[in-house]
Amino acid sequence: MHHSIKKNLLAIGVTLGLATTASAADWEVKITNLTHGNHFTPLLVTAHDHDTHLFKVGDAASTAIEHMAECGHLDPLLATTEVGAADADTIANPAEGVLAPGATTTAMITTNDTHLSVVAMVLPTNDGFLGLESQHIPAEAGSYTYWVNAYDAGTEENDEILAASGSTCTYTDSGMIPGAPGGDAGTGATGVSSADGNTMIHVHRGVLGDDSLTDGKSDLVNTIHRWQNPVAKVVVTVTP
Amino acid sequence: MKPIKRYYKFLWTCMLPALLALTGCFHDEDDENMSPTADAGQAQTATELTTVTLTGSGTDSDGTITSYEWMQLSGSTVSLVNAGMSTSTFVVPAIDANEDLVMRLTVTDNDGATATNDVTITAENLATSYDLTIKVTNITNGQPLTPAAIVLHKSGYSGWRIGSAASVGLEKLAEGGDTTDFISDANADTNVLTAGVAGSAPFGPGGSSTVDVSIMENKDALLSLASMLANTNDAFAGNSQVAVGALSVGDSMTVYSHVHDAGTELNTESTGTLAGPADTSAAADKAFSAVRDDIHDFVTLHNGVVTADDGLTASVLNESHRWLNVAARIDITRTQ
C-alpha cells in the first residue's frame, strides 16, 4: 500500500503540472554469497538517508548490531529508529533463511531515499558479519555493483567453539558460534583466542580453524571455513 | 542702356546666384556625416566573482552619440548589466584558470553611423584554500599502525609502484615506522603539494590519528598514504593516487588502505625482526635493516602473516595478528 500511495501522489503531482523534487525509485537489490564455505544468516536490506548509519567501521557496534553479528537476529535492528519495521524500503530475510555459498537472493525496495545498507551474520563465526555501510545509490537508471567485506563486531572473542545443537543464542551468552549450516564443523575444541584486540567494528581477520573435527583449538575446519574479502556482491538496479 | 551693361547686369543678377548655388552644392558634399569613434576603456585585470566596470565613451565630430551597446566576444559567458549604456558592469564568473574576456563597445551617432572598440579583461582564478582533515582509523585486530605519512600531490608523484623496488624512505617506513625520509623525499618532489604525518606515536586497533593539511584548491589533487603494520617485517597500509580534489566544504569521503609488502625484508615473523610489541627482543636492527633479503626486491600487496597458531613455528605472532585485505579506514573531510 505504501508503494501505491506514493505512486498515486506522484501521478497527481504530474497531472497538476507541479514540480516534484523527490520521487520514489525502485531498487532491485541482488545479493550473492561469494564465499566457498560460509553461510549468511537472514539479510537485512534497508534504504535510508545519508545521515543514517546502521554501523560504522571503526566505531563501536550498537546492541542491535551485536545481536545481528553474534546470533543473526534482526528483530533488534527492526526496532531501531534508523531501520524501523519491515516495509517497502526495509526488507528482512529476502532469502527466507540462510544464504548458502554461491547462492543469490533478491530484495525489491521502493524508496525516496538515497543510501543503502545491507547486513547479515557470517556463519560459522563468533561475531562476524557482512556489511554494506550506508552506500550512496545513484538516482539515475542503471545497475551498480558493490563488493562487501566481512567485519568483526568487536563484541565477542573469536574462540571458534560451536554451541551445542538446539541451544538458544543470546548476545549475552558465553560467546559461542550459534551454528554451522553447512554441517561441516567439528566439536570438542579448546578455543582459539583470548579477547578481541579491537573492540570496535573492524575488518575480520578471518577464522583460523584446524584439521580436527573432534579436538584441537577450533571447531571450524581450516580448509573449509576461511574466506577472503569480498564475501558478498551486491548489485543494485535502479528504476527511477 | 548700352548692350554691354546689360550683359554685366545679367552676369551679376543671374550667374552669380547660380555660381553661389553651385558652390552651395559643393558645400553640401563637404557636410556629409563624419563617423563617430568608440573607446572601450583601458584593459583591466579582475579576480573571479568580482565586479568589473566597463567605462566606455564615444565621440562624434559632427553630431551626437545616440546609443551604446556592449557585447562579449570571447571568454566564459558573463551577464552584462546596462549593456545599452556607456558604463556597463558584470561579475567575473567562477573559473578554474586565468582567461581573457574580450568585450566590444559599439557606438552609434545621430546619423546612424557606428564605430567599435574592444577591451580585454584578464580574469584571474582566485586561489582558494583547500583544507582537509584526514583521519586514519586502525581496523585491524592486532596490528598497531605507525604514524601515517600523508602526501597530497599532482599526478607524477608516487610513493611506490607495485613491481618496482621500494625507496629507502619507504623501506624505513615499512620496516620501522620512520616517516622522515619518505616525507623529505616527497617534499623534494615538484609534484607534491604538501606532506604531513598523522599521529606522533603508533596507534592500536580501534584507535585513530588525525592530521590537518592545507593546499590551494586543485581539482586534480591526489592523496597517497602509508603506515606500517608494526607487528610485521615490512608491511604497510597504503593508498596511492586517491582523487581528493573535488570535495565541497563540509563534504567527506572514505577509502580503505590495502596492506602492501615493501619487498625489502623476508617475512620470517621471527624474533628480532619485527618493530612492534609482539617482538620482545632487544635487537638493535629489528626496526630497520638496510639488507634487502625478501624473495624479490619490489612492492606487492601483502600475502598476510602466517603466525605460530597456523604452523609457522618460528613466528612470534599469533592468530590475533592476522588481517584480511585492508588495515585502515581513511576519512577525508574538507573543512575549508
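So here's what we get for this one:
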read-out	value
For the range B:282-336 versus the range B:130-199, the gap between their alpha-carbon centres in whole angstrom	16 Å
Distance between the range B:29-70 and the range B:242-267 - C-alpha centres, whole angstrom	57 Å
Hydrodynamic radius of the protein assembly as shown per Kirkwood, over alpha carbon pairs, in Å	29.2 Å
Calculated [θ] (222 nm, deg cm²/dmol) that DSSP helices of n ≥ 4 give over chain A, each run adding -39,500 (n - 2.57)	-3000 deg cm²/dmol
Over chain A, relative contact order from alpha-carbon pairs under 8 Å, at least 6 apart, %	26 percent
Relative contact order for the range A:91-130, counting Cα pairs under 8 Å that sit 6 or more residues apart, in percent	26 percent
List of the range A:165-202 residues, accessible area with partners at least 50 Å² below that of the chain alone (1.4 Å probe)	A:Asn198
Cross-link table A:Lys30/A:Lys233; B:Lys135/B:Lys286; B:Lys154/B:Lys219; B:Lys135/B:Lys219, entries beyond 19 Å C-alpha to C-alpha	B:Lys135/B:Lys286; B:Lys135/B:Lys219
Charge-dipole axis of the range B:26-83 as Lys and Arg at +1 and Asp and Glu at -1 on Cβ define it, positive-most pick from B:Ser67, B:Thr55, B:Ala38	B:Thr55
Dipole in debye (nearest 20) - the protein assembly as shown, about Cα centre, beta carbon charges: Lys, Arg +1; Asp, Glu -1	1700 debye
Where GluC sites (Glu not before Pro) fall in DSSP loop in the range A:136-176, at most 10 other Cβ within 10 Å	A:Glu140
Cα-based shape type of the range B:166-232, given that a ≥ b ≥ c are square roots of the gyration tensor eigenvalues and the cut on a/c is 1.5	oblate
Chain A: angle of helix A:2-15 to the longest principal axis, Cα-based, in degrees nearest 10	30 degrees
Where labels lie 7 Å past Cα in the beta-carbon direction, separation of A:Thr168 and B:Asp212 in nm	5.3 nm
Shielding by other protein chains, B:136-144, mean Cβ within 10 Å	6
Positive-end extreme of charge dipole, chain A - chosen from A:Leu77, A:Thr214, A:Gly175 (charges on Cβ)	A:Leu77
Sorted peptide list for B:279-289, A:85-95, A:215-225, criterion being average Cβ within 10 angstrom, highest first	A:215-225, A:85-95, B:279-289
Rounded, prolate or oblate (a/c below 1.5 giving rounded, otherwise prolate when a/b exceeds b/c) for the range B:160-201 by Cα gyration tensor	oblate
Percent RCO, i.e. relative contact order, over chain B, from Cα pairs under 8 Å lying at least 6 residues apart	16 percent
Fraction in percent of alpha-carbon pairs per bin - 20 Å, chain B	24, 29, 17, 14, 7, 5, 3, 0
Neighbouring partner chain Cβ atoms per residue of B:313-320, average, 10 Å criterion	3
Solvent-accessible area per residue for chain B (1.4 angstrom probe, square angstrom)	48 Å²
Charge dipole (debye, nearest 20) of the range B:32-183; +1 at Cβ of Lys and Arg, -1 at Cβ of Asp and Glu	980 debye
At least 15 Å along the helix axis (C-alpha) and Kyte average at least -0.5, DSSP helices within chain B	B:16-30
Electrostatic dipole magnitude of chain B [Cβ: Lys, Arg +1; Asp, Glu -1; Cα centre; debye, to 20]	980 debye
Cα gyration tensor, chain A - rounded (a/c under 1.5), prolate or oblate	prolate
Per-residue average of Cβ from other chains inside 10 Å of A:151-162	1
Accessible area that becomes buried as A packs against B, both chains, 1.4 Å probe, Å², nearest 100	1700 Å²
The range A:93-240 - percent of accessible surface contributed by carbon and sulfur, probe 1.4 Å	51 percent
Listed residue (A:Ala185, A:His48, A:Val98) projecting farthest to the positive dipole end of chain A, Cβ model	A:His48
Principal axis dimensions, the range A:125-225 - Cα atoms, whole angstrom, descending	54, 26, 25
Whole-angstrom gap from the range A:151-189 to the range B:88-114, using each part's C-alpha centre	76 Å
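The values are calculated or read from the model by the stated rules, or taken from the named source; none is laboratory data. Nothing here was measured: the structure is a model prediction, and the numbers come from that model. Heads up, the Cβs are rebuilt from the backbone with ideal geometry, glycines too, and the neighbour counts pull from every protein chain shown. Please note that ligands, DNA and RNA were not included when accessible areas were found on the heavy atoms of the full protein model with its side chains. Shrake-Rupley method; radii C 1.70, N 1.55, O 1.52, S 1.80 Å.
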